[in-house]
Each structure stands twice: as structure tokens, then as C-alpha cells.
Amino acid sequence: MTRNETIFYFALGIINIASGVLDIEWLNYVSKPLLMISLFFFYFQKVKQNINTSDKTMLVSLIFSCLGDTFLMFQGKNPQFFLLGLGSFLVAQLAYSGVFKPLGITNYNKRYPFIIYGFVFIVFLLDRIPKGFMMPIVVYATAIMWMGVTTAERQTNPKSYRFVLIGAILFIISDSLIAINKFAFPIPLAGLWVMATYIAAQYLIVEGVLLGKTVK
């Protein structure tokens, strides 16, 4: 992305984080959906001349990420919005995996850290998750760990590889913080850490995929 696009995106991210810390609800409602909308627009502008199936799948992931963000904003009003948000992000993670997987496999050993982390994390939450949430969270945790695996096994140029892999790890950290804060114990300034890692994660993934197209 261009320097101005990057500045705009992170400025919007700072505004969103500030809205959460300062509890300015209307600003959160405006700024949060705009994060993924802006990434969608920036990505589309880069690929529209030669858009392919992988690009369309990336755009689907950003659309469902935006839906997930929107649903999660209202989870305090109705617990069902949490599940709707989870379902939206499940589609986003599967779409990301679909983008990364066709690029090839380098080393099967790279998948084990993600598998081990996912297993340990699910076991940690088992006794803390309400029964109605158990299956959706286990399915989602499996999906996001698989997304991590596909980023670790990509074959692309080194800069693209690093960006996307770090983005995936930050995405997993962000989702882990949400689960811990919601089901295990409260995390001080949870909203700040969740959004900071999420904002960086989505940027790095999108920028990394674009670098895979342009950097040889």
C-alpha cells in the first residue's frame, strides 16, 4: 500500500482504539467498520486491473472481517451477536487459508507450533466456556490455527512471507485475548490490546499478500 494509505489506515485504527479507551460509543461504531472497508478499497484498487480468484477470496475475507467487527460491537446487547461475529470471522479465516494454501508447502514441521498452541488453548478454555458456545469456539479455534499453518507453509518471497506470518500470529493473539477476557479472566485494557493486535494483523496480511505480487 502507499504511504498515504498506510497512514490513513493506522490513523483510523488509533481513532478506534481511542474511542474504546475513552468509551465514545458512536465513534467506535463509525470507525471500526471503516477499518476493513478501507483495506478492502485499498486492496481492490491494487488488483482491479488483473483480479483473479485469489484476489476475490481476499476481498471476501475482508468483507466477512468487517461483518465480524460489526456483530461483535453489539455482543453486549445480545450474546447471539458474539456467535454471529464468530461465524463471520470463521468465513474470513477459511478464505484467508484458501488464499495462502495454493501457494505451496515448504516444511510440514512449521505447522506444529500452531497445532500445539491451538490444542493447549482449547484445553485451557474447556471448563470456562458455556455449553452453548463450546462447539462454535472449538471450530473457530481450529480454523484460525489452520490459517496460521497455511501462512507458515507458504512459498513466496521473504518479505511477503514475513509480513503475512507475523500478521497471522498477531491475529491469533488478538482472538486469544478476546477469548481469555470473555471466558477466563478480565484483562486490563483488553479492548486496546485486542484492537491493536487485530489492526496490525489485518494490515500485515493484506500488505504481505500484495508484496507477494510485486516483490520478486
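The numbers here are math on the coordinates, done by the rules we state, and not lab data. Keep in mind that this is a model prediction, so the values were computed, not measured. Quick reminder, even Gly has a Cβ in these numbers, built from the backbone with ideal geometry, and neighbours come from all protein chains shown.
Past 25 Å, Cα to Cα: identify those pairs from 32/213; 77/182; 56/159, in the order given. Could the numbers behind the result be given before it?
Numbers: 32/213 28 Å; 77/182 15 Å; 56/159 22 Å.
Table pairs above 25 Å Cα-Cα are 32/213.
List every DSSP H helix in the chain whose Cα atoms extend 24 Å or more along the helix's own long axis and whose mean Kyte-Doolittle hydropathy is at least 0.5.
3-21, 25-47, 53-73, 80-100, 131-152, 158-179, 190-214
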> Mind checking the dipole of the range 3-214: about its Cα centre, +1 per Lys or Arg Cβ, -1 per Asp or Glu Cβ, Debye to the nearest 20?
Replying inline: 480 debye
>> Please compute the modelled spin-label separation between residue 192 and residue 44, points set 7 Å along Cα→Cβ, answer in nm with one decimal.
In response: 3.5 nm
> Roughly how many whole Å is it from the C-alpha centroid of the range 8-66 to that of the range 178-200?
Replying inline: 19 Å
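Any chance you could run the full-extension gain for residue 124 through residue 25? It's 0.36 nm times the residue separation minus the Cα-Cα distance, nm to one decimal. Mind showing how you got there, number by number?
On the way: separation 99, 0.36 × 99 = 35.64 nm, distance 3.21 nm.
32.4 nm is the gain from fully extending residue 124 to residue 25.
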> In the calculated pair distance distribution of the chain, what percentage of Cα-Cα distances lie above 33 Å?
Replying inline: 12 percent
>> Take residue 139 and residue 56, extend 7 Å from each Cα along the Cα→Cβ direction, and tell me the distance between the two endpoints in nm.
In response: 2.5 nm
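When the helix-only estimate is applied to the chain (DSSP H runs of n ≥ 4, each -39,500 (n - 2.57), divided by the residue count), what is the mean residue ellipticity at 222 nm, nearest 500 deg cm²/dmol?
Working: 8 runs with 167 residues, N = 216.
About -27000 deg cm²/dmol.
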